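Below is one structure, written out as C-alpha cells, with a few remarks after it.
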Amino acid sequence: MNSDPLNFPKAGNLLISEPFLQDENFVRSVVLLCEHNTEGSFGFVLNKPSILNLGDLVDELSFLEN
C-alpha cells in the first residue's frame, strides 16, 4: 500500500464530512474536490448555500478546463 497522502483523494472525488465533525466550515458538508496537490487543495461545498454564481466562477477558474 502506498502511504503517499497525495495519491488519495483525487480531483473529481466527493468528500463527505464525518457526522460528528465539529468544524463549523465543514459540518455535514459534501465537497467536490477540484484540485489536490503539494500546494494545497481546492473544492466546492455542494450542499450549502453560496453567494457565488457557478457560471461566474467557471469563467474565472480557467484551470478547471483540464
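Values quoted throughout were computed directly from the atomic coordinates according to the rules given, and no laboratory measurement underlies them. Remember, predicted model here, so these are calculated numbers, not experimental data. Ideal geometry is used to build each Cβ from the backbone, glycine not excepted, and the neighbour counts take in all protein chains shown.
Computed values, structure above
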quantity	calculated
Positive-end extreme of charge dipole, the stretch 5-65 - chosen from SER50, SER17, LEU33 (charges on Cβ)	SER17
The stretch 13-51: GluC sites (Glu not before Pro) in DSSP loop, at most 13 other beta carbons within 10 Å	GLU24, GLU39
